[in-house]
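The values are calculated or read from the model by the stated rules, or taken from the named source; none is laboratory data. Keep in mind that what you see is a predicted model, and the values were worked out from it rather than measured. When we count neighbours, we look across all protein chains shown, and the Cβ atoms used for this are built from the backbone with ideal geometry, even at glycine.
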Amino acid sequence: MKRIDVLRVLLDLAVKMEGVIISNLGFPSRELYHIGDRAENFYMLGSMGLASSIALGLAVSVPGRRVIALEGDGSILMNLGSLATAANIAPPNLTILIVDNEAHSSTGFQPTFTAGVTDLEAIARGAGIPDAVTVFDEKELRSRLEDAIKSERVSVIVAKTEKSWENAPVIDLDPVTIKNRFMQAVRSGLEG
Amino acid sequence: MLEKREDVIDRSIVDALIEGGIDFVCSLPCNMLAGIIETIEQERRITHIPVTREEEGVGIAAGAHLGGKKPALIIQNSGFGNSINALLSLTRLYRMPLLILMSHRGGDRNEQIAAQNPMDEAIIPLLEALKIRYCCISRRAEIGSIREAAVDAMTQSEIRAVLLEGELWDEED
């Protein structure tokens, strides 16, 4: 399974279930923008490691919206405390999807510690999130992710992928435009 | 029963936050902030999220803003250093509002912890280098500035910092 396959499943389910996505910077955001730009995608351009934190703040603030954080193994390893916070605050509308290719793919595939002995699902469980699972193929991903987005519990899905990247263009949106259209989409989703 | 002076100060700081529109707070503790954080925890008008690290609080506050909240971060000045990249590449880049209320540790205020002193020396030059507008509160009469800083941060979509000086709690009646 490639990262772009994970993103296609994510986008398909997010559109169907009216979920909003907070996307980690670099190639994950670029690929997501490439396959299906929409106002409900918030593309991070900096602040690596904070996708789950932004998603948590949003999920707590708009309980009527399903919120999905799109993380990588490198980014979640920068902010493992966010899993403890997510476990304890436990917004029922929060799903954390971690694309784990065991490398920093946006900077040349330098290995992360998930290539070694580190297990992100076990870390999530240890942080206090029992709804944590690792998936290895698209079919399992689709079924688990759909359940996670629907469920009334905070969930973590670790999707193991190949070391792949698409030749996706740089996001040519102004940061303030990304924010404004996202906020408007969040608001209109609540009214609708 | 007469309220303790410290409690009155903590309450008026929280009231100033609320009057400034703040309805969402991420916090990390400090001795100086203990009463403020306890007051916020009991305050129904504010959603309070204790966080594991200051940078995480910047991210959560950004998410709260995306959801229409008016966020503040309550931290020690020592922890400000943990949040700088996120303040610039998230909060400022996307023009998001954030009020940062910091206890100002170190200096000559009978600081018991030597590790607080280097950041005490650096905090004002750091804020200036980052072009974050700030004010220092050392007297009760100045607590109203917290409301103004909050209003400015929220209406201008900027980061504003407020440093709470130790003298604030030492001031004689």
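Is it the case that some residue within the stretch B:7-18 is within 14 Å of chain A (Cβ to nearest Cβ) and assigned to a helix (DSSP H, G or I)?
If we filter the stretch B:7-18 for residues that are within 14 Å of chain A (Cβ to nearest Cβ), which is where we start, we get none.
The answer is no; no qualifying residue exists.
State all residues of the stretch B:82-95 that are facing chain A (nearest Cβ under 8 Å) and crowded, with 24+ Cβ neighbours inside 10 Å; if no residue qualifies, say none.
Applying the first criterion (facing chain A (nearest Cβ under 8 Å)) to the stretch B:82-95 yields B:85-86, B:88-90, B:93-95.
Within the stretch B:82-95, B:Ala86, B:Leu90, B:Tyr94 meet the criteria.
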Exercise for review: Collect the residues in the stretch A:74-91 that are more than 12 Å from A:Met48 (Cβ to Cβ), within 14 Å of the chain's Cα centre (by Cα) and not small (Gly, Ala, Ser), keeping them in residue-number order.
Suggested key: A:Leu83
**Study point:** Of the criteria (1) crowded, with 21+ Cβ neighbours inside 10 Å; (2) over 23 Å from A:Ile21 (Cα atoms), which one B:Gly57 fails
**Key:** (2)
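Restricting attention to the stretch A:152-192, and to residues there that are assigned to a loop (DSSP other than H, G, I, E, B) and over 19 Å from A:Glu71 (Cα atoms), which single residue is modelled with the lowest pLDDT? Spell out how you get there, then give the answer.
Residues of the stretch A:152-192 that are assigned to a loop (DSSP other than H, G, I, E, B), as a first pass: A:152-154, A:161-174, A:192.
Within this subset, residues satisfying the condition of being over 19 Å from A:Glu71 (Cα atoms) are A:152, A:167, A:169, A:172-174, A:192.
On the way: A:Glu152: 96, A:Asn167: 88, A:Pro169: 91, A:Asp172: 94, A:Leu173: 97, A:Asp174: 97, A:Gly192: 54.
Residue satisfying both the conditions and the ranking: A:Gly192.
Do we find that B:Ile36 is of a type outside the set (Lys, Arg), buried (at least 23 other Cβ atoms within 10 Å of the Cβ), more than 29 Å from A:Phe42 (Cβ to Cβ) and out of contact with any Lys or Arg (no Cβ under 6 Å at 6 or more places or on another chain) in this structure? Break it down into steps so the answer makes sense when it comes.
Details: of a type outside the set (Lys, Arg): yes; buried (at least 23 other Cβ atoms within 10 Å of the Cβ): yes; more than 29 Å from A:Phe42 (Cβ to Cβ): yes; out of contact with any Lys or Arg (no Cβ under 6 Å at 6 or more places or on another chain): yes.
Yes: the conditions hold for B:Ile36.
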Review point. Do we have any residue at all in the stretch A:78-86 that's touching a Pro at 6+ places or on another chain (Cβ under 6 Å) and more than 18 Å from A:Arg30 (Cβ to Cβ)?
Key: no
**Study point:** Residues located in the stretch B:44-61, provided they are under 18 Å from A:Pro63 (Cβ atoms) and either within 7 Å of chain A (Cβ to nearest Cβ) or out of contact with any helix residue (DSSP H, G or I) (no Cβ under 9 Å at 6 or more places or on another chain) (or both)
**Key:** B:Arg44, B:Thr47, B:Ile49, B:Ile60, B:Ala61
Check your understanding: Which one is nearest to B:Ala153 (Cα to Cα), of the residues in the stretch B:1-45 that are touching a residue at least 60 places away in the same chain (Cβ under 8 Å) and in contact with a Gly (Cβ under 7 Å, 6 or more places away or on another chain)?
Key -> B:Ala16
Check your understanding: Pairs under 6 Å by beta carbon, first residue more than 7 Å from every other protein chain (Cβ to nearest Cβ) and hydroxyl-bearing (Ser, Thr, Tyr) in the stretch A:48-74, partner part of a helix (DSSP H, G or I) and crowded, with 24+ Cβ neighbours inside 10 Å, six or more apart or different chains?
Key -> A:Ser52/A:Ser82
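So is A:Leu80 of a type in the set (A, V, I, L, M, F, W, C), at the interface with chain B (Cβ under 9 Å from one of its Cβ atoms) and surrounded by fewer than 24 Cβ atoms within 10 Å (Cβ to Cβ) or not? Break it down stepwise before answering.
Details: of a type in the set (A, V, I, L, M, F, W, C): yes; at the interface with chain B (Cβ under 9 Å from one of its Cβ atoms): yes; surrounded by fewer than 24 Cβ atoms within 10 Å (Cβ to Cβ): yes.
Answer is yes for this residue.
Considering only the stretch A:145-182, how many residues are closer than 29 Å to A:Val60 by Cβ and surrounded by fewer than 19 Cβ atoms within 10 Å (Cβ to Cβ)? Give the steps one after another, and end with the answer.
Here is the first cut: in the stretch A:145-182, the residues closer than 29 Å to A:Val60 by Cβ are A:145-159, A:171, A:173-182.
Remaining after also requiring surrounded by fewer than 19 Cβ atoms within 10 Å (Cβ to Cβ): A:146-147, A:150-153, A:173-174, A:176-177, A:180-181.
The number of residues fulfilling the criteria is 12.
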Check your understanding: Is there any pair with a first residue in the stretch A:3-28 that is over 13 Å from A:Ile98 (Cα atoms) and of a type in the set (D, E, K, R) and a second that is at pLDDT 95 or above and part of a strand (DSSP E or B) whose Cβ atoms are under 8 Å apart and which are 6 or more apart or on different chains, and what are they?
Key -> A:Glu18/A:Arg66
Exercise for review: Answer yes or no: is there a residue in the stretch B:27-37 that is within 14 Å of another protein chain (Cβ to nearest Cβ), of a type in the set (A, V, I, L, M, F, W, C) and over 30 Å from A:Ser188 (Cβ atoms).
Suggested key: yes
Exercise for review: With the checklist (1) surrounded by 22 or more Cβ atoms within 10 Å (Cβ to Cβ); (2) under 30 Å from B:Glu167 (Cβ atoms); (3) within 14 Å of chain A (Cβ to nearest Cβ); (4) aliphatic (A, V, I, L, M) in hand, flag the one item B:Ile74 doesn't pass.
Suggested key: (3)
Point to revise | From the options A:Asp73, A:Asp131, residue that is touching a helix residue (DSSP H, G or I) at 6+ places or on another chain (Cβ under 9 Å), within 15 Å of A:Val154 (Cα to Cα) and not small (Gly, Ala, Ser) | key: A:Asp131
Check your understanding: Within the stretch B:156-173, can you find the residues that are touching a residue at least 24 places away in the same chain (Cβ under 8 Å), at negative phi and in a loop (DSSP other than H, G, I, E, B)?
Key -> B:Glu158, B:Glu165, B:Gly166, B:Glu171, B:Asp173
